[in-house]
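The values are calculated or read from the model by the stated rules, or taken from the named source; none is laboratory data. Values in this document were obtained by computation on a predicted structure and should not be read as measured data. So basically every Cβ, Gly included, is an ideal-geometry build from the backbone, and we count neighbours across all protein chains shown.
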């Protein structure tokens with residue numbers, strides 16, 4: 001289970017989360033990208049909002065053990081990647097926990113879109129933290145890092161810096177300041193914005209800034225292999 005969070009809002013957490021799930025499916029089979037239950041819009045980010053299927057609200061009245069395979073097949077999908085988005089009534093915490101447990105048992109990778117939520121499910125094996133580089137964004141990232149370190153996640157946190165091409169800071173200096181390993185730098189990418197406008201699911205391009213960053217993250221998390229960066233997207 002891979003958690004993706006932003007130290008601040010507006011950094012593209014949902015886009016990166018969907019792209020991770022889509023590109024990982026080439027190597028691990030079925031994947032699922034899961035919205036935080038009180039969030040919303042992940043199916044829109046994935047360009048699947050027009051498709052029928054379960055959302056978190058449909059699971060709000062579930063009781064007891066959850067059928068992971070049944071839930072997975074009922075979710076809107078892009079090929080081998082399915083999306084559980086927040087819409088409708090928020091399910092109780094026990095339903096969320098049971099659903100996540102069930103999905104991890106039937107998927108090669110579960111990616112959680114955590115937004116700016118710092119509370120992590122205990123079973124997260126890796127965490128991708130997106131941060132900007134303005135003074136306020138770095139202050140937010142420092143606060144989040146302290147919480148993650150206190151929770152025992154320092155070795156599993158992978159930093160992705162969102163930077164404009166005009167930013168003069170060194171990514172390595174920023175990572176050293178935050179005391180986190182630098183996994184990738186994601187520059188502003190007009191291609192990603194254009195894809196969103198034209199209904200193209202993140203992660204489906206075989207090349208480009210988003211594909212390169214996501215593939216590096218997957219390799220760092222032990223997904224894929226040496227040929228990952230050059231493999232074609234689904």
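Somewhere in the stretch 62-81, is a residue over 30 Å from residue 27 (Cβ atoms) and surrounded by 16 or more Cβ atoms within 10 Å (Cβ to Cβ)?
yes
Scanning the stretch 213-234 for residues that are outside any helix (DSSP H, G or I) and exposed (fewer than 15 other Cβ atoms within 10 Å of the Cβ), which turns out modelled with the highest pLDDT?
Only one residue tops the list, namely 222.
Just to be sure I understand the filter: pairs with C-beta atoms under 6 Å, separated by 6 or more residues or on different chains, first member in the stretch 200-212 and on the phi < 0 side of the Ramachandran plot and in contact (Cβ under 8 Å) with a residue 12 or more places away in the chain, second member surrounded by 17 or more Cβ atoms within 10 Å (Cβ to Cβ) and part of a helix (DSSP H, G or I). Which pairs pass?
202/15; 202/18; 202/19; 205/211; 210/19; 210/192
Surrounded by 12 or more Cβ atoms within 10 Å (Cβ to Cβ) and either out of contact with any helix residue (DSSP H, G or I) (no Cβ under 7 Å at 6 or more places or on another chain) or under 23 Å from residue 117 (Cβ atoms) (or both), is that true of residue 200?
Criteria met by residue 200.
Of everything in the stretch 26-44, what is touching a helix residue (DSSP H, G or I) at 6+ places or on another chain (Cβ under 6 Å) and farther than 16 Å from residue 196 by Cα? Give them in sequence order.
Within the stretch 26-44, 31, 32, 33, 35, 37 qualify.
Evaluate the stretch 39-52: report whether one residue or more is at pLDDT below 95, under 30 Å from residue 185 (Cα atoms), crowded, with 17+ Cβ neighbours inside 10 Å and touching a strand residue (DSSP E or B) at 6+ places or on another chain (Cβ under 7 Å).
yes
In the stretch 1-102, which strands (runs of 3 or more DSSP E) lie fully inside it and hold 3 or more residues that are under 12 Å from the mean Cα position of the chain (by Cα)?
2-6, 31-35
Can you give me the ranges of the helices (runs of 4 or more DSSP H) entirely in the stretch 127-212 with at least 3 residues that are in contact with a strand residue (DSSP E or B) (Cβ under 7 Å, 6 or more places away or on another chain)?
Correct list: 135-150, 171-178.
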